[in-house]
Amino acid sequence: MSNCICEGGVAEIYVENPVVQSSDDDQDEDGSEYQEEEEEEADGSNDSPCDNAIQTVAEAQSHKRTGRVQSREEIQKQIQRVKAWYSPTKSKEEGKGKEVMVSSHCDDVDAESSDSDFLAGDECSSEDDEEVKQINEKFKEFKKQLKKGELHDLDDGIVYEINPVPGQQEIEDAGNATPYEDSSEEEESLEDSDGNLTTQSSQYPRFNSNDPIPKFELGMKFRGKKQFKKAIIKHGMVERKLIKFYKNEATRMIAKCDWTTCAWRCMLSTNSRTSSWQISSFIQEHTCPPRRDNRLVTAKRVAEKYEKFILANPSWSLERMRQTIQEEMFVDVSIPKLKRAKSIVLQKALDSTKGQYKHLYSYQEELLRSNPGSTVVIKRDTEGVDHVFQRMYICLDACKRGFKAGCRKVVGLDGCFFKGATNGELLCAIGRDANNQMYPIAWAVVEKENNDSWDWFCDLLFRDIDVEDGLDWVFISDQQKWRSGLPMLNIGTVLGTYMPIGERSIRRRNGEALRYCAKAPCMTLFNLAKARLAKRTPQGAQGIMQTDPQHWSRAWFRLGSNCDSVDNNMCESFNKWIVEARFYPIITMLEAIRRKVMVRIQQNRTKAESWNTLICPNILKKVNSYITLSSSCHAICNGQHQFEVQHFANRFTVDLSKKQCSCRYWQLSGLPCPHAISCIFYKTNSLAQYIAPCYSVAEFKKTYTYACGH
């Protein structure tokens with residue numbers, strides 16, 4: 001074997017299989033061929049073995065043999081694979097490793113011969129046998145490693161220009177002692193030699209930002225200083241500790257508890273090997289009490305924690321908000337800080353809806369498409385250069401038709417300011433349904449509340465509800481303004497303007513006396529109430545006569561309107577009902593109002609289906625209170641439908657056939673007064689036929705028959 005090695009070359013290995021005993025002729029023939037080959041090899045021993053080509057070994061078996069036997073075809077296949085993967089030329093050029101070369105007889109053996117192996121008893125039979133076995137074993141190992149992609153572990157040869165197996169990749173070892181430290185996950189996905197993905201836990205834990213209570217430990221990894229700082233602040237707020245950052249350098253950050261005797265400390269620094277941020281020093285125990293003066297609770301963090309609550313309830317009072325934060329976060333927060341927190345949330349909501357004014361025409365088209373028959377008017381300022389938005393009026397078709405179908409001719413008018421950062425006012429027109437509840441008719445956005453804006457709003461409103469000449473209509477407002485002969489004034493304005501300013505108790509007593517004047521249904525009772533007021537405050541009695549009481553006292557109200565209200569509380573209720581929407585920008589606000597109106601119509605329609613009375617519940621409740629008062633009324637009948645009723649020191653006449661009482665309340669409101677009820681009970685216990693039809697459940701259902709479009 002040593003003679004077959006040249007300088008800088010590799011060994012030539014002769015692969016020969018055990019001899020199979022056959023006929024004598026074949027043995028002689030095979031022996032002669034073998035001797036010839038030995039002679040040729042002896043002659044060429046002086047030449048360099050590196051100049052020899054790869055010699056092939058052919059085997060032919062046709063009889064039984066002892067030992068392992070392989071056919072010619074199998075040997076040829078193995079040799080071809082070795083020739084394909086073992087490239088001696090390339091190995092010589094690079095001069096690396098050892099090269100395996102398989103040589104065989106130069107001449108093919110006759111197909112009829114049964115054996116081409118050496119005869120038993122030859123000189124090198126045992127050594128060649130062992131080499132053949134080693135080559136076969138290594139070749140099998142080579143095939144297994146080829147299938148697995150492990151080609152770099154071969155000991156007897158270096159393989160070049162290997163065609164990669166599809167779907168397999170060789171994972172290169174970077175030589176790091178901790179190959180998973182640079183991973184961004186706690187469990188890392190790796191691809192093994194078979195191409196399968198496997199997971200392996202990282203050596204160090206990674207911080208989980210989703211934990212409600214942050215957890216720290218030595219060696220924990222972070223994405224950077226920003227994540228670490230957020231985690232420390234969250235830890236301080238949850239644990240109610242005040243933690244400060246004493247070092248914030250390029251390669252480290254130190255957080256310590258602010259309490260003097262507390263040893264809690266956490267340091268984050270970069271790992272010199274992997275350049276990752278890890279906790280390098282950590283003292284876990286807190287020895288400090290919870291802090292009520294935790295300065296980590298800033299206005300911004302309060303806004304982040306309670307953003308949804310503030311958006312859902314923009315009118316959340318600061319004192320209630322302060323109590324909630326103290327209970328949940330154990331912190332005393334100042335009122336200015338709460339104001340800043342609310343402004344941050346509202347400003348964020350405002351910024352997210354900027355530019356809504358340029359979409360108003362699209363919103364107008366959408367309203368008209370989804371609610372055919374509605375009135376939606378947009379007015380721009382034509383006097384200015386830019387022709388900017390000025391006003392917008394909305395009256396939905398369902399509200400318009402429902403009001404005409406079942407409501408009385410009573411309309412309340414009022415205005416309110418926007419609560420958000422946008423300037424402007426919202427005007428509204430509110431009706432009353434059969435159950436004495438508010439019924440929104442129309443609303444408008446205007447630049448401010450003045451005579452010009454009210455004229456514009458009322459012009460559109462009167463066209464929608466068919467006011468025409470205004471007969472039998474009642475308009476209630478808290479403003480001292482007149483329009484087209486329609487007085488708009490109520491008792492609230494009179495009380496605030498002409499009552500002398502003094503102590504609250506005095507104003508309350510004077511206000512009660514004034515309300516008696518306002519609620520007096522006839523002139524006799526009005527004069528009696530005014531005389532009582534003059535005893536308490538002569539200036540107040542003189543002042544109310546200067547306000548034209550025919551605009552705010554029942555004694556001057558026209559009959560037939562079925563309205564006894566002397567205030568505009570329905571509009572005030574509507575303003576409070578939409579107070580949350582008034583914090584939003586214009587389109588968001590108008591959409592919130594539309595949705596609330598749509599839901600209210602559906603709820604009232606559903607509620608009316610469960611009523612089993614002829615008269616609406618709120619009206620029945622009011623009538624029951626009058627029934628209680630009728631116990632002080634003593635009726636005397638004249639034998640027909642007329643009665644004389646004595647109520648304390650006053651006497652009244654009642655005509656049941658005409659549904660009239662001398663106190664005028666029955667004709668004014670459509671509900672029998674206590675005097676009339678005492679007369680009705682004189683004849684029957686049924687009051688339904690003596691109550692105006694506008695208070696019936698049937699009229700209520702007519703009002704809420706129409707639904708708003710989506």
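Out of the residues in the range 565-583 that are out of contact with any helix residue (DSSP H, G or I) (no Cβ under 8 Å at 6 or more places or on another chain) and surrounded by 19 or more Cβ atoms within 10 Å (Cβ to Cβ), state the one that is farthest from ALA444 (Cα to Cα). If we take residues in the range 565-583 being out of contact with any helix residue (DSSP H, G or I) (no Cβ under 8 Å at 6 or more places or on another chain) and surrounded by 19 or more Cβ atoms within 10 Å (Cβ to Cβ), then SER565 is farthest from ALA444 (Cα to Cα). Determine whether ASP452 is open to solvent by 10 Å² or more (accessible area, probe 1.4 Å) and without any contact (Cβ under 8 Å) to a residue 24 or more places away in the chain. Yes. When ARG401 is tested against (1) over 30 Å from ILE310 (Cβ atoms); (2) open to solvent by less than 50 Å² (accessible area, probe 1.4 Å); (3) in contact (Cβ under 8 Å) with a residue 12 or more places away in the chain, only condition (2) is not met. The residue that is least open to solvent (accessible area, probe 1.4 Å), counting only those in the range 691-710 that are of a type in the set (A, V, I, L, M, F, W, C) and under 16 Å from GLY431 (Cα atoms), is PHE700. Can you tell me how many residues in the range 603-622 are of a type outside the set (A, V, I, L, M, F, W, C) and touching a Phe, Trp or Tyr at 6+ places or on another chain (Cβ under 8 Å)? So the answer is 3. Exactly one residue out of ALA231, ALA299 is modelled with pLDDT of 90 or more and in contact with a helix residue (DSSP H, G or I) (Cβ under 7 Å, 6 or more places away or on another chain), and it is ALA299.
Of LEU656, LEU687, LEU668, all but one fail to be under 20 Å from THR524 (Cα atoms) and surrounded by 14 or more Cβ atoms within 10 Å (Cβ to Cβ); the exception is LEU668. You will find that of LEU338, LEU296, LEU350, LEU360, the residue that is open to solvent by less than 80 Å² (accessible area, probe 1.4 Å) and either charged (D, E, K, R) or under 23 Å from the mean Cα position of the chain (by Cα) (or both) is LEU350 and no other. The set of residues in the range 271-290 that are under 36 Å from the mean Cα position of the chain (by Cα) and either polar (S, T, N, Q) or open to solvent by less than 30 Å² (accessible area, probe 1.4 Å) (or both) comprises SER276, GLN278, ILE279, GLN284. Residue count for the range 214-241, restricted to those that are in contact (Cβ under 8 Å) with a residue 60 or more places away in the chain and either over 16 Å from TYR204 (Cβ atoms) or touching a Leu at 6+ places or on another chain (Cβ under 8 Å) (or both): 4.
Of the helices (runs of 4 or more DSSP H) lying entirely inside the range 608-710, those containing at least 2 residues that are aromatic (Phe, Trp, Tyr) and in contact (Cβ under 8 Å) with a residue 40 or more places away in the chain span 674-683. Scanning the range 237-262 for residues that are under 14 Å from GLU285 (Cα atoms) and in a helix (DSSP H, G or I) gives a single hit, GLU239.
Residues of the range 552-571 that are within 21 Å of LEU514 (Cα to Cα) and in a helix (DSSP H, G or I): ARG554, ALA555, TRP556, ASN569, MET570.
The values are calculated or read from the model by the stated rules, or taken from the named source; none is laboratory data. From a predicted model like this one, the values you see are computed outputs, not experimental measurements. Every residue, glycine as well, gets a Cβ built from its backbone with ideal geometry; the counts of neighbours run over all protein chains shown. Remember, those area values only see protein heavy atoms, side chains included, never the ligands or the DNA or RNA. Shrake-Rupley method; radii C 1.70, N 1.55, O 1.52, S 1.80 Å.
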